[in-house]
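Structure record follows, encoded as structure tokens.
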Amino acid sequence: MGIGRMSGELYLLDQHGGIIDEFGPSHAEFDLPLIDGLATPKRAAADTPIVDEVRAALAARVLSSLQGRPELAGRVSQIDVSDERDAVVILKNDTALIRIGDDQFAERLQSYLDLVSALREKVPQIDYVDLRFGERVYVRPQRRPGGR
């Protein structure tokens, strides 16, 4: 599925969010997205993080929806599932957080890609784009130093 970042460590994850192994140099050939927000506050006996099943399922649904769209899947750099009702994606070579909710993942990412040039013309420094509200797109600009 991806590379889970939990408690400052990286773990190779299976399609259900189960920890396969600690991620290291022997896994460098895999081009997998980094997944944040998976860990519960609890720890396993060996001090290994415990993956929250609901958040892992959200990450799996995001990745599953992109399997039929390799041009989209290949652009995903990071997925944050800290909020189990709102997956947030970062694409390669982009800094904007893309809020895609809990369904219609591929459609919403494609919508972002279709709009990104026009959005960047109006808001060159985007903090996040929220695509969860049908035809409405909300864009938050990055704050300038000094809060202005």
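Taken together, the values in this text are just the output of simple stated rules run on the coordinates, not laboratory data. Here the structure is a predicted model, which means the values were calculated and not measured. We place every Cβ from the backbone using ideal geometry, glycine too, and count neighbours over all the protein chains shown.
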Task: Checking Val51 against (1) crowded, with 20+ Cβ neighbours inside 10 Å; (2) farther than 29 Å from Asp130 by Cβ, the condition it does not meet - done: (2)
Task: Residue list for the range 89-106, filter: touching a helix residue (DSSP H, G or I) at 6+ places or on another chain (Cβ under 6 Å) and either over 10 Å from Leu131 (Cα atoms) or in a loop (DSSP other than H, G, I, E, B) (or both) - done: Ala106
Open item on the list: Looking only at the range 65-83, count every residue that is farther than 21 Å from Arg140 by Cβ and loosely packed, with under 15 Cβ neighbours inside 10 Å and tell me the total.
Closed with: 5
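Results for (1) in a strand (DSSP E or B); (2) hydrophobic (A, V, I, L, M, F, W, C); (3) within 16 Å of the chain's Cα centre (by Cα), shown as yes or no for each residue.
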| residue | (1), (2), (3) |
| --- | --- |
| Ile3 | yes, yes, yes |
| Leu10 | yes, yes, yes |
| Gln15 | no, no, yes |
| Asp21 | yes, no, no |
| Ser26 | no, no, no |
| Asp31 | no, no, yes |
| Thr40 | yes, no, no |
| Asp47 | no, no, no |
